[in-house]
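Notes for the one structure printed next.
Computed from the coordinates by the stated procedures, all read-outs in this text should not be read as laboratory data. Source: prediction; values computed, not measured. Note: ideal-geometry Cβ built from the backbone for every residue, glycine included; neighbour counts use all protein chains shown.
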Amino acid sequence: MDKFVIRGGNPLGGTIRISGAKNSALPCMAAAILTEDEITLENIPQVRDIETERRLLASMGAVVELREGEARDRTTICCHTLSDPLAKYEIVKTMRASSLVLGPLIARAGMARVAMPGGCAIGGRPIDLHIKGLEKMGATIAQEHGYLEARAERLRGTRLVFDKITVTGTEDLLMAAVLAEGETEMLNCAREPEVADLAALLTAMGAKIEGAGTSTIRVQGVSRLHGARHRIIPDRIEAGTYLIAGAMTGGDLTITGCDPSHLGAVIAKLEEAGARVEIQGPDAVRVRGGGKLRAADISTEEYPGFPTDMQAQYMALATQAEGVSLVKENIFENRFMHVQELVRMGANIKVDGSTATVRGPSPLSAAAVMCSDLRASASLVLAALVADGESIVDRIYHMDRGYERIEEKLRSVGAQIQRVGNFFPSGNR
Ligand code: UD1
């Protein structure tokens, strides 16, 4: 199992280029199921979740073309024949976003067999709202042997009101609605930029969608969609993670290839915490640390609020800020797995229910720590970048799910970080 060895203490300086958004690429790849024609996607990040989705689509009969060299971030998917509309547990268990194929499979093939996603480190992550919406559109869904069996002749447009805002739920039902008969009105939708990006691809494929990116989406169903080419939006969570790295290490970092308009909540909080942030044109943001960081509270919300996917990284920064920062997690019930590891490095953090109280600044000392999920891993890497000495961050396969070449990107701006294989037996911390 790979680990990172990180020697802390270097302020980061220079430029980091942001990759395409994993959370946009995943639904866009699933959208290829909706047409017999070719879908070409650009700015696809080279991360493990994307590989898993490629395997998932290929296992259903899709032809997934990979590019090498310069064009590695481009992929062409052709679902001309869907020989097997089945999402196997062996694949689904490693990537929860696999539930995104449910809506497109029913819409295209009239049936789907999708393994129920299991529990996950950050909470239960049910898909009841996906199921409820698809049933309202006329699908019959049964559950047996750990699989969902769904059928529908042709889905019908209807009025859907989400009981709770769900990102992949909105995306899944949007993909179902584009081929449904008649109009679908979706209320209380997620407003994340990734939903709008998926809608842009679907529109390029011939779908009729209004309001994506707002809480009400209207879809006029069409009988057929065609091929398209689409460029995935930049990853706002990757960008936010590097902005925090720049601020925390007292560095001077410019993040390019990003969309500053998607980073509003994170930039506002960094400024409140004392970092100097400058938007430099349509795709670049510069962050400068160096001054004293001040405590600032965060409360995770749906977009455009502060993203839950940035909470763990922000907490690493809060350990270096003067005063008491309250970190409230409102989206997932068990998303404080990084806390104990940060405490092992010397942070002063107390958790009470969904609120963590961080008292800072605490000098962090290097330690061997263990990643528990994707964003928790990022938090530990950030902490290690300011810790005194050499930290070992273990189980970085979590990180590889969502950050492209993180060690190369960090090294290029002055971090001391190495990826190494297993050099002592697991359990030895
Ligand atoms: C997506 C993102 C993930 C991010 C999350 C919240 C992808 C691939 N993943 O996950 O990185 O952390 O949004 O911004 O885009 N819920 C239900 N029933 C459902 C669906 C969700 O109760 O059917 C609940 C969840 O348990 C959670 C909340 O709704 O408490 C939000 O979850 P949701 O937005 O669906 O998260 P994901 O789409 O899985």
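Once the Cα atoms of helix 48-59 and of the chain are each reduced to a long axis, what angle between those two axes, in degrees from 0 to 90 to the nearest 10, is obtained?
With rounding to tens, the tilt is 20 degrees.
Please provide three numbers in whole Å: the alpha-carbon extents of the stretch 223-331 along the principal axes, with the largest listed first.
Extents along the principal axes: 58, 31, 16 Å.
Report the extension gain between Leu66 and Glu153 in nm, rounded to one decimal, defined as 0.36 nm multiplied by the number of residues separating them, less their alpha carbon distance.
Gain on extension, Leu66 to Glu153, equals 28.0 nm.
Bin all alpha-carbon pair distances of the chain at 20 Å intervals from 0 and give each bin's fraction as a whole percent.
The calculated distribution, bin by bin, is 27, 55, 18, 0.
I need the semi-axes of the equivalent ellipsoid of the stretch 26-231: take the C-alpha gyration tensor, multiply each eigenvalue by 5, square-root it, list largest first in whole angstrom. All intermediate terms of the calculation are to be shown ahead of the outcome.
Values: eigenvalues 104, 80, 56 Å².
Listed largest to smallest, the semi-axes of the stretch 26-231 are 23, 20, 17 Å.
Distance between the C-alpha centers of the stretch 208-281 and the stretch 129-190? Whole Å please.
Here the two parts' Cα centres lie 27 Å apart.
Would you mind giving the average projected area, over all directions, of the Cα convex hull of the stretch 124-263 in nm² with one decimal?
10.6 nm²
Calculate the length of the line joining the C-alpha centroid of the stretch 73-121 to that of the stretch 313-368, in whole Å.
Answer, in whole Å: 36.
Any number yet on Rg/Rh for the stretch 320-417, C-alpha, Kirkwood?
The Rg/Rh ratio comes out at 0.97.
Label-point separation (nm) for Gln416 and Gln280, each offset 7 Å from Cα along Cα-to-Cβ?
2.7 nm
Estimate the FRET efficiency between Glu36 and Glu390 by the formula 1/(1 + (r/R0)^6), using the beta-carbon distance for r and 41 Å for R0, to the nearest 0.05.
Efficiency for this residue pair is about 0.15.
Only bridges whose two residues both fall in the chain count here: according to DSSP, what percent of them are antiparallel, nearest 5?
Of all bridge pairs located within the chain, approximately 70 percent are antiparallel.
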